[in-house]
Amino acid sequence: MAEIKLENIFKTYEGGVRALGGVSLRVKEGEFLSLLGPSGCGKTTLLRVIAGLEKPDSGEVYIGGRLVNDTEPSKRGVALVFQSYGLYEHMSAFENIAFPLRARGLSKEEIDAAVRESAVLLEIEELLGRRAGELSGGQQQRVSMARALACRPSVLLMDEPLSNLDARLRTDMRLELLSLKKRLKAAVVYVTHDQDEAMALGDRIALMEGGTIKQEGSPAELYERPTDIFTAGFIGSPAMNLLEARLEREGEELFIVLGSARAALGSKRARELLEKGAPGEEIILGLRPERLRLLPPGSPDTLLAELEYAEMLGGETRLHLVSPLGRLIARVFSFEGCAGGHCGGLAPGALFGVDFEAGDAHLFSKETQKRL
Ligand code: ATP
């Protein structure tokens, strides 16, 4: 059993920086949790608390059901992989992987078997004889992971392990991690500030801000139902459009009013919001860039927006628009049906009528920042 359980962890560094403000978290055996958040939100500190490299001021850390607050890092069954590979460059890959095993006093046969097993897992058998300093960044990172896995950890903690690799290698290594993940039985916590990486790898994501977890759930849950404006703006690339809007009542119907654009919410949703007393409320409307519809300018019930510039990315085009209510980004995958062919001329200054479906709208209270 290798479950990690954290209960109400607080940590303030000397000098008064509060890095963790009451974090509770559970990672099951065989589960891969992406710990995501902006720089300085406390991700590394949390990882170090699990590893035992940092002592929490209060709160409990359990590994495999055992309270480990007072257990030495080396006795926690935890392996760490950092963004710097931490290899001894003059030693062979084999010797690097064997190093922590020797320190534990394993026999030559046991070391040999463990090194080969994790080398097979990371597909680096042919690199074992080479000096670490001669290997590429991606190869070094694989050796460093093999070294972590050779100790057969029940908990694997990774802190931005791919951030020193170039874009291409990062994508390759991400695929390898995905296939490795299926074969690992450990509970894995993977720290990253890259939301694409967190979404691609994580069975679940815990999104942190300012030392607390803002939302936790599957990547799809965080994308489709962000519980507040912070998560809405953080998950998704390009980020969700967030604009000031209003809810207006007409009889039993409720309309989202975004400047000159409006969309009826539908009776069920309207009833729910009416019960909460939402109409008349100033809201923040969240619309994913791929959910905006671009119609010819002047189309009824649309928001007039002007094209500032277009980014052609091959498979999609991102249109950066300016409206009286603020900036917007629209993702367009095909120009058919886009403003009746209006997107054909993507010169800055082109005008569009921006439309949206109420079903695609994420509504947040302006006051509390929470999802309505
Ligand atoms: P990044 O993504 O930039 O690595 P992070 O989310 O991992 O950031 P932490 O490294 O955990 O964040 O830092 C959380 C807060 O604690 C930051 O404000 C940081 O400046 C502070 N901090 C981290 N380590 C120490 C330390 N040893 N002493 C004092 N303050 C620290």
Notebook entry, point to check: Of everything in the stretch 210-228 that's among the hydroxyl-bearing types (Ser, Thr, Tyr) and under 11 Å from the mean Cα position of the chain (by Cα), which residue is surrounded by the fewest Cβ atoms within 10 Å (Cβ to Cβ)?
Noted result: Ser218
Notebook entry, point to check: Looking only at residues in the stretch 251-295 that are part of a strand (DSSP E or B) and charged (D, E, K, R), which one is nearest to the chain's Cα centre (by Cα)?
Noted result: Arg293
Notebook entry, point to check: Do the conditions hold for Leu35, that is, is it within 9 Å of the ligand (Cβ to nearest atom), in a helix (DSSP H, G or I) and under 24 Å from Leu222 (Cα atoms)?
Noted result: no
Margin query: Could you check the stretch 210-250 and list, in sequence order, the residues that are under 30 Å from Ser179 (Cβ atoms), among the hydrophobic types (A, V, I, L, M, F, W, C) and in a helix (DSSP H, G or I)?
Written below: Ala220, Leu222, Phe234
Notebook entry, point to check: Yes or no: Pro56 under 27 Å from Met199 (Cα atoms) and either within 16 Å of the ligand (Cβ to nearest atom) or assigned to a helix (DSSP H, G or I) (or both)?
Noted result: no
Notebook entry, point to check: Got a sec? Which strands (runs of 3 or more DSSP E) wholly within the stretch 131-209 have at least 3 residues that are crowded, with 23+ Cβ neighbours inside 10 Å and in contact with an Asp or Glu (Cβ under 9 Å, 6 or more places away or on another chain)?
Noted result: 187-192, 204-209
Next item on the list: Output the number of residues of the stretch 4-26 satisfying the condition of being away from the ligand (no atom under 11 Å from the Cβ) and on the phi > 0 side of the Ramachandran plot.
Entry: 2
Next item on the list: State whether the residues of the stretch 360-368 include one that is within 17 Å of Gly236 (Cα to Cα), at pLDDT 90 or above and touching a Cys at 6+ places or on another chain (Cβ under 9 Å).
Entry: no
Check: Does Ala93 satisfy being crowded, with 21+ Cβ neighbours inside 10 Å, more than 20 Å from Val191 (Cβ to Cβ) and more than 16 Å from the ligand (Cβ to nearest atom)?
Finding: yes
Next item on the list: Give the residues of the stretch 88-130 that are among the basic types (Lys, Arg) and in a helix (DSSP H, G or I), sorted by residue number.
Entry: Arg102, Lys108, Arg116
Check: Is there a residue in the stretch 32-46 that is more than 22 Å from the chain's Cα centre (by Cα), over 13 Å from Ile213 (Cα atoms) and surrounded by fewer than 17 Cβ atoms within 10 Å (Cβ to Cβ)?
Finding: no
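The values are calculated or read from the model by the stated rules, or taken from the named source; none is laboratory data. Since the structure is predicted, the reported quantities are computational estimates derived from the model, not experimental observations. As a convention, Cβ positions derive from the backbone with ideal geometry for all residues, glycine included, and neighbour counts pool all protein chains shown.
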